[in-house]
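In what follows, a single structure is set out as structure tokens and then discussed.
The values are calculated or read from the model by the stated rules, or taken from the named source; none is laboratory data. Since the structure is predicted, the reported quantities are computational estimates derived from the model, not experimental observations. Note that each Cβ is placed from the backbone with ideal geometry, even for glycine, and that neighbours are counted across all protein chains shown.
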Amino acid sequence: MVRQQRSEQTRRLLVGAAAELFDRVGFVRATMAEISSAAGVTKGALYFHFPSKDTLADAVRAEAIEMLDILVARLPAGLSPMQAVIDMHHHVVRWLREDAIVRASLRISHDTGDPADFCASWLAATERLLRRASPERAELAATALVGLCLGVETLRWNGIRRDGRPEPWELVLPSLVGHDPSGTNRLSRRGGTIDGRT
């Protein structure tokens, strides 16, 4: 049991170190030696868990998707579809700014040309929620919203857009999914966490 826990802890360390490195220098430039060094484990331990950089990248991407799945599952049941989308996007946008796992997942997809698994999952989750609010516009609205969020964050990553400004997606979201006749949806981030992270 102790050996299994230690093995899982080593695996988590390696995934975290790989994500940090992929995020900072890119998937192509990161080396397995740098990853093992950053994780504080031997190359033998690294290759025991991940026989190649590709398998390590797959683990990073899988963790990002799992984070999203957990987030969606934890959205409170009583939320309107629009509010669920708003709350989900506050968390995902924060991850795009602060979480190496999510940023590395996007970087891996960009650097390798492989399909963007996290983006595809994010888009699908957004579309599912929007379908409940406005079925006829869900696909277009989800594509516009996810694309806008990614575009704004790309500007931020490149130093063109600074933090502290209102979020453009908050401005366009109501027009993408329609008017809120109840007036109950709020665009601001609510307190607490629903994703198990801060």
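If we scan region 120-127, do we find a residue that is buried (at least 22 other Cβ atoms within 10 Å of the Cβ) and of a type in the set (F, W, Y)?
Scanning region 120-127, I find at least one residue that is buried (at least 22 other Cβ atoms within 10 Å of the Cβ) and of a type in the set (F, W, Y), so the answer is yes.
Quick check on my filter: what residues within region 1-58 are of a type in the set (F, W, Y) and in a helix (DSSP H, G or I)?
Filtering region 1-58 down to residues of a type in the set (F, W, Y) leaves 22, 27, 47-48, 50.
Residues satisfying the conditions are F22, Y47, F48.
Any residue at all in region 62-71 that's surrounded by fewer than 19 Cβ atoms within 10 Å (Cβ to Cβ) and farther than 20 Å from A120 by Cβ?
No, region 62-71 has no match at all.
For region 25-53, how many residues are touching a residue at least 60 places away in the same chain (Cβ under 8 Å) and either at negative phi or among the hydrophobic types (A, V, I, L, M, F, W, C) (or both)? Walk me through how you get there before you give the answer.
Narrowing region 25-53 to residues touching a residue at least 60 places away in the same chain (Cβ under 8 Å): 26-28.
When the remaining residues are screened for being either at negative phi or among the hydrophobic types (A, V, I, L, M, F, W, C) (or both), the result is 27-28.
Qualifying residue count for the region: 2.
Might you check whether a residue that is among the small types (G, A, S), modelled with pLDDT of 95 or more and either touching a Pro at 6+ places or on another chain (Cβ under 8 Å) or not in a loop (DSSP other than H, G, I, E, B) (or both) occurs anywhere in region 123-146? Break it down stepwise before answering.
Within region 123-146, the first condition is being among the small types (G, A, S), and the residues that meet it are 124-125, 133-134, 138, 141-142, 144.
If we keep only those that are modelled with pLDDT of 95 or more too, we end up with 124-125.
From what's left, either touching a Pro at 6+ places or on another chain (Cβ under 8 Å) or not in a loop (DSSP other than H, G, I, E, B) (or both): 124-125.
Yes: region 123-146 contains one or more residues that are among the small types (G, A, S), modelled with pLDDT of 95 or more and either touching a Pro at 6+ places or on another chain (Cβ under 8 Å) or not in a loop (DSSP other than H, G, I, E, B) (or both).
With respect to R186, is the statement that it is among the basic types (K, R) and either at pLDDT 85 or above or more than 16 Å from P81 (Cβ to Cβ) (or both) true?
Values: among the basic types (K, R): yes; either at pLDDT 85 or above or more than 16 Å from P81 (Cβ to Cβ) (or both): no.
For R186, the condition - among the basic types (K, R) and either at pLDDT 85 or above or more than 16 Å from P81 (Cβ to Cβ) (or both) - is not met.
Here are R94, R107: which of them is within 30 Å of R24 (Cα to Cα), surrounded by 20 or more Cβ atoms within 10 Å (Cβ to Cβ) and either among the charged types (D, E, K, R) or free of Cβ contacts under 8 Å to residues at least 12 places away in the same chain (or both)? Explain how you work it out, then say what you get.
Numbers: R94 fails: surrounded by 20 or more Cβ atoms within 10 Å (Cβ to Cβ).
Step by step, each of R94, R107 is checked, and only R107 is within 30 Å of R24 (Cα to Cα), surrounded by 20 or more Cβ atoms within 10 Å (Cβ to Cβ) and either among the charged types (D, E, K, R) or free of Cβ contacts under 8 Å to residues at least 12 places away in the same chain (or both).
Has region 105-116 got at least one residue that is modelled with pLDDT of 95 or more, assigned to a helix (DSSP H, G or I) and of a type in the set (K, R)?
no
Just to be sure, is D99 in contact (Cβ under 8 Å) with a residue 60 or more places away in the chain and farther than 28 Å from T55 by Cβ? Walk me through it before giving the result.
Details: in contact (Cβ under 8 Å) with a residue 60 or more places away in the chain: yes; farther than 28 Å from T55 by Cβ: no.
Spelling it out, it is not the case that D99 is in contact (Cβ under 8 Å) with a residue 60 or more places away in the chain and farther than 28 Å from T55 by Cβ.
Return the residues of region 62-104 that are of a type in the set (D, E, K, R) and either under 13 Å from R132 (Cβ atoms) or assigned to a helix (DSSP H, G or I) (or both); say none if nothing qualifies. So that I can check it myself, show each step before the final result.
Here is the first cut: in region 62-104, the ones of a type in the set (D, E, K, R) are 63, 66, 69, 74, 87, 94, 97-99, 103.
Once the filter is applied, which keeps residues that are of a type in the set (D, E, K, R) and either under 13 Å from R132 (Cβ atoms) or assigned to a helix (DSSP H, G or I) (or both), region 62-104 yields E63, E66, D69, D87, R94, R97, E98, R103.
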